[in-house]
1. With a probe of 1.4 Å, find how much accessible area the chain has per residue, and write the answer as a whole number in Å².
2. Using 0.36 nm per residue of separation minus the Cα-Cα distance, give me the extension gain between residue 51 and residue 218 in nm, one decimal.
3. Work out from phi, with θ = phi - 60° and the Karplus expression 6.51 cos²θ - 1.76 cosθ + 1.60, the ³J(HN,Hα) of each residue of the stretch 227-232, listed in order in whole Hz, and give x for Gly and Pro.
4. Rank by packing, highest mean first: peptides 266-277, 79-90, with packing defined as the count of other Cβ atoms within 10 Å averaged across residues.
5. Which order, highest average first, do 246-257, 7-18 follow once you tally other Cβ atoms within 10 Å for each residue and take the mean per peptide?
6. Post the alpha-carbon centroid distance, the stretch 125-166 to the stretch 227-284, in whole angstrom.
7. Quick one: with all protein chains in place, what share of the accessible area of the chain is carbon or sulfur, to the nearest percent (1.4 Å probe)?
8. I need the Kirkwood Rh of the chain: take the reciprocal of the average 1/r across all distinct C-alpha pairs and report it in angstrom.
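The values are calculated or read from the model by the stated rules, or taken from the named source; none is laboratory data. Computed from a predicted structure; not experimentally measured. Counting neighbours? That spans all protein chains shown, and the Cβs are built from the backbone with ideal geometry, glycine included. Quick note on the areas: whole protein, heavy atoms, side chains included, nothing else; ligands and nucleic acids left out. Shrake-Rupley method; radii C 1.70, N 1.55, O 1.52, S 1.80 Å.
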Amino acid sequence: MKLFTDSGSDLPLSFFEEHDVTLLPLRVEIGGDVFDDISEIDSSTIFRRIRNGERPKTSQVSPELFTRRWEELAESGEEGLYIAFSSELSGTYSTSVVIRDQVMEENPGLDLVIIDTKGASLGQGLLVREAVRMRDAGKSRDEITEAIRTLANRVVHLFTVEDLDYLAKGGRLSKASAFIGGLLNIKPLLHVEEGKLVPIEKYRGRKKVFQRMISLMEERGGNFSGQHVAISHGDDEEAALTLKGMIEDAHRPESVGIYQIGSAIGAHAGPGTIALFFLGPDTV
């Protein structure tokens with residue numbers, strides 16, 4: 001079975017190489033140049049250029065790349081599973097389905113399942129990690145598909161950004177929802193609901209936001225003894241390490257991974273973003 005995911009998963013390039021997962025990169029345009037996310041540009045470069053006043057734009061995985069990958073899959077005769085970025089945040093999922101149907105007209109043997117995770121960043125990445133684990137354990141595609149669809153409803157996304165204006169200008173958050181409080185050091189706390197970004201609370205200072213994240217882990221997750229919890233950051237590893245320490249002290253999960261947000265999501269979330277991902281017990 002061939003596993004695919006896009007760069008909305010925010011997994012590092014090494015993950016794709018080490019675990020035989022095919023990367024489908026979103027694209028980032030900055031300074032008149034267009035780059036494939038992860039494979040052609042490092043997100044540290046994007047964050048540096050944002051801090052210098054540039055505003056990158058992003059676009060979905062190209063239809064040409066989808067066509068090429070789905071045709072290759074059809075020719076191989078293998079089963080395929082694509083774990084996709086939320087359809088509420090990108091047109092990538094919809095395009096992948098359209099191209100699959102087009103390719104199937106000439107290649108009726110194409111055997112590809114596409115899952116809309118309704119997730120983003122490592123909320124999507126955790127699902128890919130689990131799919132890899134199950135594949136390597138010898139599970140069938142049907143078993144993996146059922147498990148990933150179930151887990152997608154359990155992934156909790158919690159994050160805070162330095163400036164909601166990045167999300168609002170990028171169309172990922174309504175301007176009415178973009179309550180900005182920079183002058184008062186107001187930090188928003190957001191989550192993902194039905195695949196959409198939704199602000200839920202706001203606090204004065206990052207420390208209070210982190211403390212609320214810890215309490216929400218208790219409310220929405222509970223037992224973390226066997227869980228891999230994930231943190232992604234917008235070029236602020238120090239803050240990510242602070243949050244990791246708080247999580248380990250409070251909940252003692254099996255492991256806490258820290259990853260840098262990729263260029264495509266980072267272009268919208270902006271520098272200083274801190275995001276936390278874990279599994280809740282049921283639909284959340």
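1. Value returned for the chain: 45 Å² of accessible area per residue.
2. Residue separation times 0.36 nm, minus the Cα-Cα distance, leaves 56.6 nm.
3. Running phi through 6.51 cos²θ - 1.76 cosθ + 1.60 with θ = phi - 60° gives 9, 9, 8, 10, 10, 10 Hz.
4. Values: 266-277: 25.4, 79-90: 23.0.
With the highest mean Cβ count within 10 Å placed first, the list reads 266-277, 79-90.
5. Details: 246-257: 15.4, 7-18: 19.9.
In decreasing order of mean packing, 246-257, 7-18 become 7-18, 246-257.
6. Result: 14 Å between the Cα centres.
7. On the way: 5580 of 12680 Å².
That share works out to 44 percent.
8. Kirkwood hydrodynamic radius for the chain: 19.2 Å.
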